[in-house]
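Reviewing the structure listed below.
Throughout, read-outs are computed from the coordinates displayed, never taken from laboratory work. What you see is a predicted model, and the numbers here were worked out from it, not measured in a lab. Reconstructed Cβ throughout: ideal geometry from the backbone, glycine too, with neighbour counts over all protein chains shown.
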Amino acid sequence: MLTYQDVLNDIYQKIEPILNEGKVADYIPALAQVNPEQFAMSITLFDGSSYHVGCSDEKFSIQSISKVFTFTKALSIYSTDLYKRVGKEPSGNPFNSLVQLEYESGIPRNPFINAGAIVVTDTLINNYKTLDATYSEVSNFIKEISDNKNIDFDENVCSSEIKHGHRNLALANLMKSFNNLDNNVDDVVKTYFKHCSITMSTKELSRAMLFLANHGTDPITNKKFITSSQTKRINSVMLTCGHYDASGDFAYHVGLPGKSGVGGGIVAVVPNVMSIAVFSPRLNSWGNSLAGTKALEIFTTKTNLSIF
Ligand code: GLN
């Protein structure tokens, strides 16, 4: 019988020939400096056992994966009131698109596109009052769910994002003009960038996502973070919106709720079974890890662990 380790080893072998396909995200210059042909994949099970292949201890920029954590925090604070500020429908547009935001009066389609995560950050600043407290609460939450105090952000990536953040500033300014941003535009965007520049390995990320596979409770420590109903909502928004305008493609090929980041990471959840993280920096044309998506597809094909 094949073990999970056999499956991961086999995936690595199948993925190796395509590790030179796709492009790293160079619109954030600091991200373009990573070694582009890295690959890692980790899974964590409910009994605490975990399996890994590739550079699973290598920390990378989690980028939009942070949107899962900020959305989770905001949903647990504001419940359905959050949807007055941000929707929960797929956008069918790139993650940093401005057009839809204009004709939908500054209400972003969902919390996983940039505009949505910027609004979510604004709601968190309202709740925690200061920028430092907002960052600390988000990073403390990540430390709690991953049962690991060793989580930090990358100053270099953060300042590179700030220097080249024209489009995110445009999104934030547009929302401000529609009265959908309460705080100072620069402050909100900088805090959003800080969340995006948090670094984690696949080992850490797969551990962090486990509560979302278990109705909001960490099956290892038994700590309850959110309700079962909130978990259902977060996983459904990941399934329908987690990969921007490629969310349908990801659901079709992988069949799991998942969230990608332009740093090359993807997290995914197998409800009631496990959580998964992959990393490979080269991206497909939608801005999602090319080899990472393929690895997840092979995983669900081999194990029959898609939700469908
Ligand atoms: N920080 C990135 C940006 O704002 C996040 C985008 C992503 O990971 N898709 O552009």
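Of note:
- Residue satisfying all of: in region 265-288; touching a Gly at 6+ places or on another chain (Cβ under 7 Å) and over 14 Å from SER42 (Cβ atoms); nearest to the ligand (Cβ to nearest atom) among these: LEU283
- Within region 32-52, residues that are on the phi < 0 side of the Ramachandran plot have Cβ atoms under 6 Å from residues that are among the acidic types (Asp, Glu) in these pairs: ALA32/ASP26, counting only partners at least 6 apart in sequence or on another chain.
- Neighbours by Cβ (under 8 Å, 6+ apart or cross-chain): first from region 174-188, surrounded by 13 or more Cβ atoms within 10 Å (Cβ to Cβ); second hydrophobic (A, V, I, L, M, F, W, C) and not in a helix (DSSP H, G or I): LEU174/LEU98; MET175/LEU181; PHE178/ILE107; ASN180/ILE107; VAL188/LEU181
- Region 78-96, residues that are within 16 Å of the ligand (Cβ to nearest atom) and under 16 Å from PHE178 (Cβ atoms): VAL86
- Filter result (surrounded by fewer than 18 Cβ atoms within 10 Å (Cβ to Cβ), of a type in the set (Gly, Ala, Ser) and over 27 Å from ASN214 (Cβ atoms)) within region 21-57: ALA32
- Of all residues in region 129-152, exactly one satisfies the criterion of being closer than 19 Å to VAL188 by Cβ, assigned to a loop (DSSP other than H, G, I, E, B) and not hydroxyl-bearing (Ser, Thr, Tyr), namely LYS129.
- Residues of region 255-297 that are surrounded by 20 or more Cβ atoms within 10 Å (Cβ to Cβ) and assigned to a helix (DSSP H, G or I): LEU290, ALA291, GLY292, THR293, LYS294, ALA295, LEU296.
- On the stretch given as region 86-118, residues that are more than 20 Å from the chain's Cα centre (by Cα) and in contact (Cβ under 8 Å) with a residue 24 or more places away in the chain total 6.
Each row is one residue, and each column tells you yes or no for (1) within 16 Å of the ligand (Cβ to nearest atom); (2) over 16 Å from the mean Cα position of the chain (by Cα).
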| residue | (1), (2) |
| --- | --- |
| THR123 | no, yes |
| LYS143 | no, no |
| ASP147 | no, yes |
| LEU169 | yes, yes |
| ASN183 | no, yes |
